[in-house]
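J.: This is the structure I have questions about; it appears just below.
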Amino acid sequence: MKSTNSMNSTNAMNPKKAIYNMNETLKYSYYPGCSLHASAGEYDLSTRELFKQLSIGLTEVPDWFCCGATPAHNVDELLSLSLCAKNLEMAEQVEGDLAVACAACFSRLKTTQHVLAESDVKRKQVEKAIDAPLKLDGKVKHLLEILARDLGLERLAASVKKPLSGLKVACYYGCLLTRPPDVTNLDCVEAPTIMEDVLKAVGAETVAWSHRMECCGANFTLSRPGVVIQLTNAILESAKEAGADCVMVACPLCHGNLDIRQKEIEGVYSVNYGLPVFYITQLVGLACGLTADKLGLGALIVNPMPLLKEKQLL
Amino acid sequence: MSRIGVFVCHCGENISRTVDVERVAAQVGKMPGVAFATDYKYMCSDPGQTLLKKTIQEQKLSHVVVAACSPRMHEKTFRKAVEAAGLNPYLCEMANIREHCSWVHEDKQEATAKAIEIVGMLVERVKKNRVLPTITVPVTKRSLVIGGGIAGIQAALDIADAGHHVVLVERDPSIGGHMAQLSETFPTLDCSQCIMTPKMVDVANHPNITLYSYSEIEQVDGYIGNFQVTIRRKARSVDEDKCTGCGVCMEKCPVKKIPNKFDCNLGMRPAIYVPFPQAVPNTPVIDRDNCIKFKTGKCGLCQKVCGPGAVDYEQEDRLVVEPVGAIVVATGFDLYTIDEKPKGSMIKGYGEFGHGKIPDVIDGMTFERLASASGPTGGKILRPSDGKEPKQIVFIQCIGSRAREKGISYCSKVCCMYTAKHTMLYHHKVHDGQAYVFFMDARTPGKAYDEFWRRSIEEEEAVYIRGMVSRLYQKGDKIVVMGSDIAVGVQVEIEADMVVLATAIQPRTGADSLAQKLGISYDKYNFYSEAHAKLRPVECATAGIYLVGACQGPKDIPDTVSQASAAAAKVMTLFAKDKLEREPIVARVKEAGCVGCFACKKVCAYGAVEEKEIRDRQGNLIKVVAYVNPGVCGGCGTCQATCPSKSVELDGYTDEQIVAMIEAL
């Protein structure tokens, strides 16, 4: 017992957990992005609750604002880079790497770092626009990376109270998490496994399916809903065919298209998918013993309760 | 007293446009030691050289300076002319007043002044030139050929037919290489095995060829005309001299289900095997990783059934040393692997194509084995997953090739043609099937090549879609191919039964380590580098080593065979002389000053520095000094710059010569 004196008493009692001291290191600044303060409130809620549960520090960047996704970079490059650069600059004031929940914010912030690191001219323009010098070495991390790498799969598995056994999940990456590879550097660009790794660590079963890397049409959800319905239908159809009980996403835009539009799609194509669409933090949170309330499961449009009850996860 | 002749060249107008050549000649003519100076329009032309020779004899010149272009251009030309006139060729120097002067300046006055200075430097330098005798080294008239594919086989046969002995080393149990795996060959559709196997047999029967199959190069020492090559003969576990090739061991081997690499893992082989029935040598090899005897110590069936008693479980790797005068490198290629990417490699994989995960997505070589009459399906095109005949087949070109974002920017050269061939073979075997090809460009330069490609479209009904594929996925028992047709500007989706990827050609894995053993250079992809892309395409920069086939760059069979015969001709040219002459620009040790620190030995890139004992008349050792082997020395001068006691000098570039040039400035 003496050798573990430095650790807190709970860990010292449990030799398995004693290997890792959870209270020791992990601290992040947090950029929720607009969606998480609006249509994806449950993603924000479940993220905060899960991180609390895992004893990972999370401090929201004060006064953050929109990253410009998805329209800004199609309209004005300087504007889109400056929006992200200013947010990055503000994030530097908060301790820890920057944790990002939304795949689109993640993509824009990382792209900005990449573009500015490559071009001195653009960097100078942006520094003038935001009226501040830029540091570009701050790390921007998607929640997935934090769970899978910083916390680590072993520590994550050790935190599981209620394994998601029997739940067959289609992990949906969408297009932005791994692409372009030089920018996001998250996982193997066309055959990633990071989502599956996380879910397996919390006891779920993942299905092999064809459309996990396809685009849901996020950009077009309001302007060209017809396109989105077509693309999203293909994704849901493929997940269903692969035998999934539900879909898991790590992006509020993907979630909007797959969850909010699911009824509409079912109507257009005269099919019945009934596939609940969870955020990664909701499923991991569930496994770590958080309640439905704390995970905002009630906010999902496709009701997940029957499925979770059937699998005895509630 | 030296009588130096200076010849100033106009180079048409190249020099005379910016340099007043007549003034240069007049000025230089007044310099001490210069007996004669003139200018001429084209010094390198026949009349120019005649002028040079005539003047040397008439004026009894002792040294010559030609003020013209770069020595890299015409030094050899003028030194030959000087030699013909009876002078030692190394008493001739070139003053570069073209690249170093006329081409880079505009002001005639200043350029002329500079040209006079340049010539003046060379005049002072040439005074210090010594008569250098040509160095001769003996030639071992035997050749090593590394690699037993069509490239190595052709080179070996040509050299052997010329009467010289050839040592042919092949890594695999049989020679034949990739060509033995092919079904038919473009652009004539003749059967690859039918034209290949007779050549393999010729190799086996040729009195001038020693074949080391299942062997690898361990070490290479020596230099042109005098290489010592150590070859590792891997333990075959079967005595090649005793084995009759009856095949009983293979029939009786209880381990039968090992995927056969020769059949792209579609067919199975036993643990004691020959890779294919026409193998040369027809001697089996035991795959020790899969043999029960080697894994558990039990079994031993093959030894029991072997009549001549050839099976030998105790056999070990053997090292043999072969002296050779020339080396032909013909190590060939590997196909780009789509699903695996080596760690830290600049080359990325293609996860989006599902190769390795979707069983009916295959590469071109696998299709060759399916189409081959001696292949695992007996020549029927069948899906690896369920053995059904594919009715819709999609070929995708440029997988890995011309894909900078994936790490390879070159064109693999053969894929357009073999894909056209595949569509034909498919059409001949599956009459009601439809072939589609996604392509960026069809590159068909070659005799009868474009006609062949047109035929696949016009007569064999292949549908060519210009555009690339974004991804493939399995849907039921179909593979959905999502691509674009940029000619029409639409997205295309094809539900295919089978997809064939035309994967890029890459150098063999380990090509770099072989290059390091041989001391030859290679590019960033590990393709071996030729000495000159246009004028010396089959020679390495390292003397006595020649390149053939796809190890130098992607190549088809006709090009490879031509290159093999070309390399063989180069080897024969080398062997035509009993002694090799080489330029005497080599380092020489002044033994009196050498203290034997061997700093020169450490920096010598050619391994030319040896240790030499100096003894007195009674045979007592006085000291050990450095000795530069003139046959090996590359003439780089690094030792001269390194030597702390200034005891080694590079002939033709001595300190005395360099200092004289500087002092003339």
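Each value in this text was obtained by applying a stated rule to the coordinates, not by laboratory testing. For clarity, every value in this text was computed on a predicted model and none was experimentally measured. Neighbour counts run over all protein chains shown; Cβ positions are idealised from the backbone, glycine included.
J.: Quick check on chain B: helices-only [θ] at 222 nm, where DSSP H runs of length 4 and up contribute -39,500 (n - 2.57) each and the sum goes over total residues. Nearest 500, please.
T.: -8000 deg cm²/dmol
J.: Test of the criteria: in the range A:142-186, which trypsin sites (Lys or Arg not before Pro) are in a DSSP loop and have at most 13 other Cβ atoms within 10 angstrom of their Cβ?
T.: Details: sites: A:ARG149, A:ARG155, A:LYS161, A:LYS168; in loops: A:LYS161.
Loop-located and lightly packed - A:LYS161.
J.: Using unit Cβ charges (K, R positive; D, E negative) and no other charged atoms, how large, in debye to the nearest 20, is the dipole of chain B about its Cα centre?
T.: It works out to roughly 1180 debye.
J.: From the square roots a ≥ b ≥ c of the eigenvalues of the alpha-carbon gyration tensor of the range B:309-422, which class results: rounded (a/c under 1.5), prolate (a/b over b/c), or oblate?
T.: Oblate is the answer for the range B:309-422, as a/c is 1.5 or above yet b/c matches or exceeds a/b.
J.: Now, a different point. Would you work out the charge dipole size for the range A:21-142 about its Cα centre, treating the Cβ of every Lys and Arg as +1 and the Cβ of every Asp and Glu as -1, and quote it to the nearest 20 debye? Could you put the intermediate results ahead of the total?
T.: Details: 13 positive and 17 negative charges, 37 e Å.
Charge dipole of the range A:21-142: 180 debye, to the nearest 20.
J.: Counting other Cβ atoms within 10 Å of each Cβ, which trypsin sites (Lys or Arg not before Pro) in the range B:539-593 have at most 15 and sit in a DSSP loop? Mind dumping the intermediate values first?
T.: Values: sites: B:LYS555, B:LYS570, B:LYS577, B:LYS579, B:ARG582, B:ARG588, B:LYS590; in loops: B:LYS555, B:LYS577, B:LYS590.
For trypsin sites (Lys or Arg not before Pro) across the range B:539-593 that sit outside H, G, I, E and B with at most 15 neighbouring Cβ atoms in 10 Å, the list reads B:LYS577, B:LYS590.
J.: Residue farthest toward the positive end of the dipole of the protein assembly as shown, with Cβ of Lys/Arg at +1 and Asp/Glu at -1: which of A:ALA69, A:LEU81, B:GLY549?
T.: B:GLY549
J.: If you don't mind, there's one more thing I want to ask. Relative contact order of the range B:255-313, please, whole-number percent, based on alpha carbon pairs below 8 angstrom and at least 6 residues apart. Kindly include the intermediate steps, with their values, before the conclusion.
T.: Numbers: 62 pairs, mean separation 12.9, N = 59.
It rounds to 22 percent for the range B:255-313.
J.: Just how large is the dipole of the range B:337-506 about the Cα centre, in debye to the nearest 20, putting +1 at every Lys and Arg Cβ and -1 at every Asp and Glu Cβ?
T.: Rounded to the nearest 20 debye, it is 600 debye.
J.: Another question, if that's okay. Specify which residue in the list B:CYS69, B:ALA26, B:PHE36 is farthest towards the positive end of the charge dipole of the range B:4-127, using unit charges on the beta carbon of Lys, Arg (+1) and Asp, Glu (-1), about the Cα centre.
T.: In the range B:4-127, that residue is B:PHE36.
J.: For the pair B:ASP485 and A:LYS162, what calculated FRET efficiency results from E = 1/(1 + (r/R0)^6), where r is the Cβ-Cβ distance and R0 = 51 Å, to the nearest 0.05?
T.: Once the sixth-power term is evaluated, E becomes 0.50.
J.: While we're here: Using only Cα atoms, locate the centre of the range B:421-487 and the centre of the range A:232-262, then give the distance between them in Å, rounded to an integer.
T.: 34
J.: Setting aside same-chain residues fewer than 8 positions from B:LYS534, which lysines have a Cα under 16 Å from its Cα?
T.: In chain and number order, the partners are B:LYS555, B:LYS570.
J.: Continuing with this model, one more query. Can you show me the helix-derived [θ] at 222 nm for chain A, built from DSSP H runs with n ≥ 4 at -39,500 (n - 2.57) apiece and divided by the number of residues, rounded to the nearest 500.
T.: Dividing the helical sum by the residues of chain A leaves -11500 deg cm²/dmol.
J.: Beyond 32 Å between alpha-carbons counts as too far, so tell me which of B:LYS30/B:LYS646; A:LYS110/B:LYS413; B:LYS257/B:LYS478 fall in that bin.
T.: Result: B:LYS30/B:LYS646; A:LYS110/B:LYS413 exceed 32 Å.
J.: For chain B, find the longest principal axis of its Cα atoms and tell me its angle to the long axis of helix B:415-429, 0 to 90°, nearest 10.
T.: With both axes taken from Cα atoms, the answer is about 20 degrees.
J.: Next question, about the same structure. In whole Å, what is the distance between the alpha-carbon centres of the range A:160-227 and the range B:367-387?
T.: One Cα centre to the other: 36 Å.
J.: Enumerate by residue number the trypsin sites (Lys or Arg not before Pro) in the range B:168-263 meeting two conditions: DSSP loop (anything except H, G, I, E, B), and at most 10 other Cβ atoms within 10 Å of the site's Cβ.
T.: B:LYS257
J.: Give the separation of the Cα centroids, the range B:231-273 to the range B:24-97, in Å.
T.: Each part reduced to its Cα centre gives a spacing of 67 Å.
J.: Would you be so kind as to identify which of B:GLY619, B:ILE479, B:ILE175 lies farthest towards the positive end of the dipole of the protein assembly as shown, taking Lys and Arg as +1 and Asp and Glu as -1 on Cβ and the Cα centre as origin?
T.: The one lying farthest along the dipole's positive direction is B:GLY619.
J.: Shape verdict for the range B:337-506, please, from the Cα gyration tensor: rounded (a/c under 1.5), prolate (a/b greater than b/c) or oblate.
T.: On the way: a/c = 1.31, a/b = 1.11, b/c = 1.18.
The shape class here is rounded.
J.: Report, in degrees rounded to the nearest 10, the 0 to 90 angle that the Cα long axis of helix B:449-458 makes with the longest principal axis of chain B.
T.: The answer is roughly 30 degrees.
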